[in-house]
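Notes follow once the structure below has been shown.
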Amino acid sequence: MERRGLLTVDALRADVDAGAIDTVLLACTDMQGRLQGKRLDARYFLGEVLDHGAEACNYLLAVDVEMNTVGGYAISSWEQGYGDFALHPDLSTLRRVPWHPATALVLADVAWHDGRPVAPSPRQVLRRQLDRLAERGWQALVGTELELLVFRTTYEEAWRSGYRDLEPANQYNADYSLLGTARIEPLLRRLRTSMAGAGMLVESAKGECNLGQHEIAFRYRDALGTADNHVVYKNGAKEIAAAAGMSLSFMAKFDAREGNSCHLHVSLRDGVDAPVFAGDGPGGFSPVFEQFLAGQLACQQEFTLLMAPNINSYKRFALGSFAPTAVAWGFDNRTCALRVVGHGSSLRFENRVPGGDVNPYLALAASIAAGLHGIEQELSLEEAFGGNAYTSDKPRVPSTLRDACELFEAGDVARTAFGDDVVDHYTNAARVELAAFDSAVTDWERVRGFERL
């Protein structure tokens, strides 16, 4: 399906010559799933960067959320001088950026100067798993459902207030409410039209349960393209909200109400675009789907770190919250970590573990690696769970970042699928976050202890 907003190099040249585009954003995705890069003069991009790439400091994959340099990374350190790596534009991602004047954007793959990919780079982590699928003649089709909270408070005001007393865009649960979504339709409409103009196929917008919570859904596509669109949308949505004098957040758990989820819908197609998951087995499953789904169950605890990468991620896993706590699968059962939906060519599973803070490249790489593990080991699929999985005796999703980090670091499947370099890199990232949190004194502690303890 044609996607308006995407650019060829020839179209970019024509727009540059006509004065319609003067800036090209060159971006890579960091460990936190953020776009990092440079604003380039468009003629400089065409004349130099298009063929030769650009450079960026390799600390972009070795810092924390605050951009602090931290130790423990093999690829970047003071001892190594914090040198550069190369950014190679992936021209299939070249697109217009409608929310900025005369601007285009292209995503980059990250490589060392000898051409080797930087293995812990999120886009490369996913590419490695997609290559494993391709060896079997398969392609993953994926959709991500990303929720967000909208506030009528600017980012600057939110910062100065310590993120307290923010005004939500809705004062009540607006789940599926047309009246509630109409309250901020100017912003929602700009988000939809802007993303359509950036090459995405927008399906819908709807209200969600928390105050000011909404979701914009996009049509599924190949896994890498979905992850690329996800990070462009997330960055663009914040920029569009800021321009409107508002703010929005994708953090997994902002308050005691419902958190922001990012459900992953995954299916496979073969070389002639036929569905791989559909078959003649129970539930209309193929043997491949049974093994692929069994792999999700077998690896969920070990791979949770790649789906819930932050301290806050684990606050979302609460009983009766629509965020999962049980590692189980069921037919259209939202109490399970894995929900099977659709039939025939639309048959797929939904992983409900990731929150809005997820790095989509890493979470999708984890899902694919888990499925391939199930196929390679010919795992048997347990019976579907019916009823309330929150109160079941099923294995639990890890409840803290520390637990998830230990499971990932010790996991044989993770090291086989991703390599020691990737496992060590992301366990170090988790330890950096744990150390920062352990040294912090929170508002909760001050309220309880300032006077009364």
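Here is how the numbers come out for the structure above:
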| item | result |
| --- | --- |
| Test: residue in region 433-443 that is surrounded by 17 or more Cβ atoms within 10 Å (Cβ to Cβ), in contact with a Gly (Cβ under 8 Å, 6 or more places away or on another chain) and closer than 20 Å to ALA366 by Cβ | no |
| Complete set of residues in region 306-326 that are of a type in the set (A, V, I, L, M, F, W, C), modelled with pLDDT of 95 or more and open to solvent by 10 Å² or more (accessible area, probe 1.4 Å) | ILE311, PHE317 |
| Subset tally (residues that are polar (S, T, N, Q), in a loop (DSSP other than H, G, I, E, B) and under 17 Å from ARG136 (Cα atoms)) for region 260-286 | 1 |
| Residue among ASP393, ASP424, ASP403 that is open to solvent by 80 Å² or more (accessible area, probe 1.4 Å) and either within 20 Å of the chain's Cα centre (by Cα) or modelled with pLDDT of 95 or more (or both) | ASP393 |
| So LEU166, is it modelled with pLDDT of 95 or more, part of a loop (DSSP other than H, G, I, E, B) and within 19 Å of LEU248 (Cα to Cα) | yes |
| Residue within region 23-36 that is under 18 Å from GLU239 (Cβ atoms), among the polar types (S, T, N, Q), in contact with a Pro (Cβ under 8 Å, 6 or more places away or on another chain) and open to solvent by 20 Å² or more (accessible area, probe 1.4 Å) present | yes |
| Qualifying residue in region 57-77 (condition: over 23 Å from the mean Cα position of the chain (by Cα), modelled with pLDDT of 95 or more, open to solvent by less than 50 Å² (accessible area, probe 1.4 Å) and hydroxyl-bearing (Ser, Thr, Tyr)) | no |
| Region 74-89: number of residues that are touching a residue at least 24 places away in the same chain (Cβ under 8 Å), in contact with a strand residue (DSSP E or B) (Cβ under 9 Å, 6 or more places away or on another chain) and not in a strand (DSSP E or B) | 3 |
| Looking only at region 267-292, and only at residues there that are crowded, with 19+ Cβ neighbours inside 10 Å and in contact with a helix residue (DSSP H, G or I) (Cβ under 7 Å, 6 or more places away or on another chain), the one that is nearest to ALA370 (Cα to Cα) | PHE292 |
| Subset tally (residues that are part of a strand (DSSP E or B), open to solvent by 10 Å² or more (accessible area, probe 1.4 Å) and closer than 18 Å to GLU48 by Cα) for region 90-104 | 1 |
| All positions within region 133-145 that are over 16 Å from the mean Cα position of the chain (by Cα), within 27 Å of SER261 (Cβ to Cβ) and either open to solvent by 40 Å² or more (accessible area, probe 1.4 Å) or among the basic types (Lys, Arg) (or both) | TRP138, GLN139 |
| Leading residue by the ranking (nearest to THR144 (Cα to Cα)) among those in region 340-361 that are open to solvent by less than 10 Å² (accessible area, probe 1.4 Å) and within 12 Å of the chain's Cα centre (by Cα) | PRO360 |
| Qualifying positions in region 198-246 - buried (at least 23 other Cβ atoms within 10 Å of the Cβ) and either in a strand (DSSP E or B) or free of Cβ contacts under 8 Å to residues at least 60 places away in the same chain (or both) | GLY207, GLN213, HIS214, ASN229 |
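The values are calculated or read from the model by the stated rules, or taken from the named source; none is laboratory data. Keep in mind that what you see is a predicted model, and the values were worked out from it rather than measured. Because the Cβ atoms are built from the backbone with ideal geometry, glycine has one as well, and the counts that use them run over all protein chains shown. Just so you know, the surface numbers come from the protein's heavy atoms only, side chains and all, with ligands and any DNA or RNA stripped out. Shrake-Rupley method; radii C 1.70, N 1.55, O 1.52, S 1.80 Å.
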